[in-house]
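*Asks:* One structure follows; several queries about it will come next.
The values are calculated or read from the model by the stated rules, or taken from the named source; none is laboratory data. From a predicted model like this one, the values you see are computed outputs, not experimental measurements. Please note: Cβ atoms are built from the backbone with ideal geometry, for glycine as well, and neighbour counts cover all protein chains shown.
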């Protein structure tokens, strides 16, 4: 019985000792991305696409508003059949605008994913390699969707600049870093 208790206590002590020797760090993926040369190109491409999609929507909205203004101006003086036809046309135009907005948002998100996926893969690989080279057993993200995950972290365990160096990027000083 004493041996069993000793083995269980020894097992717990070993696990606690191993847990205390784990090296944990964090990385700020948004900071890393902002330092990458690809960031400006991706942001420019996404901004261009967003402008293009917005212009398409604005054109359709302007057409709708013009048709609606004409309807409101002449609607009472036209025959019922023409008025009903115009109302159906306005409803269809409004439905088309809503669909265009949804499609535009989906296209933007698809393009964003397409552009960002290789970057996230590159950053993830660099984080993994940096962690292994520096003896870290766990790396967590500093933020997720703009919310802080790390409430406190000693700057000595922030590997963001090491990751940038691993990717051949010299970190530029930032006000919030």
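*Asks:* Of the conditions (1) part of a helix (DSSP H, G or I); (2) surrounded by 12 or more Cβ atoms within 10 Å (Cβ to Cβ); (3) at pLDDT below 90, residue 85 fails just one. Which one is it?
*Replies:* Failed condition: (3).
*Asks:* Continuing with this model, one more query. Scan (1) surrounded by 11 or more Cβ atoms within 10 Å (Cβ to Cβ); (2) under 26 Å from the mean Cα position of the chain (by Cα); (3) under 30 Å from residue 25 (Cα atoms) for the single condition residue 107 breaks and write down its number.
*Replies:* (3)
*Asks:* Now for a different question. Assess whether residue 63 counts as being within 30 Å of residue 167 (Cβ to Cβ), touching a residue at least 24 places away in the same chain (Cβ under 8 Å) and in a helix (DSSP H, G or I).
*Replies:* No; evaluated as a whole, the condition is false for this residue.
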